[in-house]
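For reference, the structure discussed in these notes is given below.
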Amino acid sequence: MKFQPDHAEGVNVITRHEPGRVWVGTVCFEGGVVVPWTGTPSPWEAGTFDELSEATFTALLQMKPALVIFGSGNKIKFPKPEWLRGLVQARVGIETMDTAAACRTYNVLASERRSVVAALLPSAPGS
């Protein structure tokens, strides 16, 4: 799916996603990706749900978000509560949704200059 959002100066925008890939601006990421509202997007060390852990979520705190949008792939799959302990203790909100919805939600919040981070697992082919 290709997006055509309003572009806010200095804010990362997810411009497209398809099975296994997400574009931030003109840069394509394959596999998992972390997209902060500002700064440099990067591959996420977790490329699948089975690779998630408390450490993969706690690492997101370095970006100082107020909210993390977790895109779990084709379908909503909630992370284990213990994986979110660091975010909860730091009083960072977390929302879980499928990756397509996470991309759309992230773009709206980032365009409002909210301190949001999208942590996205790739969608699988055939969905």
Restricted to the range 70-96 and to residues being of a type in the set (A, V, I, L, M, F, W, C) and surrounded by fewer than 17 Cβ atoms within 10 Å (Cβ to Cβ), the residue nearest to Gly39 (Cα to Cα) is Ala90
Of the residues in the range 78-101 that are of a type in the set (Gly, Ala, Ser) and free of Cβ contacts under 8 Å to residues at least 60 places away in the same chain, the one that is farthest from Trp44 (Cα to Cα) is Ala90
Counting only residues in the range 35-64 that are part of a helix (DSSP H, G or I), among the aliphatic types (A, V, I, L, M) and touching a helix residue (DSSP H, G or I) at 6+ places or on another chain (Cβ under 8 Å), the one surrounded by the fewest Cβ atoms within 10 Å (Cβ to Cβ) is identified as Leu61
Filtering the range 97-126 down to residues that are touching a helix residue (DSSP H, G or I) at 6+ places or on another chain (Cβ under 9 Å), more than 20 Å from Trp37 (Cβ to Cβ) and small (Gly, Ala, Ser) yields Ser123
Taking the range 97-119 and keeping residues outside any helix (DSSP H, G or I) and surrounded by 15 or more Cβ atoms within 10 Å (Cβ to Cβ) leaves Met97, Asp98, Ser115, Val116, Val117, Ala118, Ala119
Apart from one, (1) within 19 Å of Ala110 (Cα to Cα); (2) surrounded by fewer than 19 Cβ atoms within 10 Å (Cβ to Cβ); (3) at pLDDT below 95 all hold for Gly31; the odd one out is (1)
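The values are calculated or read from the model by the stated rules, or taken from the named source; none is laboratory data. Fair warning: this is a prediction, and the values are worked out from it, not measured in the lab. Virtual Cβ from ideal backbone geometry, glycine too; neighbours counted across all protein chains shown.
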